[in-house]
Structures are given as C-alpha cells and as structure tokens.
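This is the structure I want to talk about, given as structure tokens.
Coordinate-derived values only; no laboratory data. Just so it is clear, the model here is predicted, and its values are computed rather than measured. Cβ sites come from the backbone with ideal geometry, for glycine too, and all protein chains shown count toward neighbours.
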Amino acid sequence: MRETIDKVFKLGLGVVIAGKEQIEKTVNELVEKGEVSRTESKALVDEWLQKGEATKEQIERYIREKVETTIQESHIATKADIARLEQRLEALETHDERPVEQ
C-alpha cells in the first residue's frame, strides 16, 4: 500500500508533465493490483488529466507574473523599449544626415 501511495503522490506531482499514456499506465497498474476498479479507472484518468491541465495553467500564469515583475523591478529593457529606442535612434540619424552648412 505504501508503494501505491508513493506512486500516486509522485504521479500527482508529475501530472503536469506526465503524458496521458503515463497516467493511463499508472492507473492500469492500480487496476491490476485491485486498488481501483475498471469503472473508476477512466474517471480517474480524466480527473488527473484535468488537474494536470489546471495546475499547468496556474504554474504558467505564476511564472509569467514573476517574470514580468522581475523585468519591471530590474529595469531590464523589453522588446517594446528596444523598438522605441531604435525608432528614436533612426530618427536622430536621419536628422543628422542633413548637409552641414558652412
């Protein structure tokens, strides 16, 4: 039973990165051991896939927010900042190409 609990726990942690095949394999092993019925197995696979997708979305949202906050706090230039500077530089270079009056 301890091995099964460990396996389910590890699967729960890995469900974000585990593929459907891996989840089905683990559930099938639980069915073979008699710890989950065949009728429960499909629902269990679906539940773990849904939880995995929800967890993945939460992690992605968290990472995106942290990266944005870090960039803002670190004063790192964004693509938009660089594009604005390139436009200003180009305008200055164009302006400086006027013939010099003597």
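If R0 is 30 Å, what FRET efficiency do you get for residue 95 and residue 53 from their C-beta distance, rounded to 0.05? Before the final figure, lay out the partial values.
Details: r = 53 Å, r/R0 = 1.77.
Approximately 0.05, to the nearest 0.05.
Okay, next question. Once label points are set 7 Å from the Cα along Cα→Cβ at both residue 76 and residue 22, what is their separation, rounded to one decimal in nm?
Each label point is offset 7 Å from its Cα along the Cβ direction, giving 2.7 nm.
Here is a follow-up. Determine the sum of side-chain charges near residue 78: Lys and Arg each +1, Asp and Glu each -1, restricted to other residues whose C-beta is under 14 angstrom from that of residue 78. List each step's numbers first, then the result.
Details: positive: 64, 79, 84; negative: 68, 73, 81, 86.
Local charge sum for residue 78: -1.
Net charge within 11 Å of residue 44 by Cβ-Cβ distance, Lys/Arg positive one each and Asp/Glu negative one each, not counting residue 44 itself? All intermediate terms of the calculation are to be shown ahead of the outcome.
Values: positive: 38, 42, 51; negative: 24, 35, 40, 46, 47.
Taking every Cβ under 11 Å from that of residue 44, the sum is -2.
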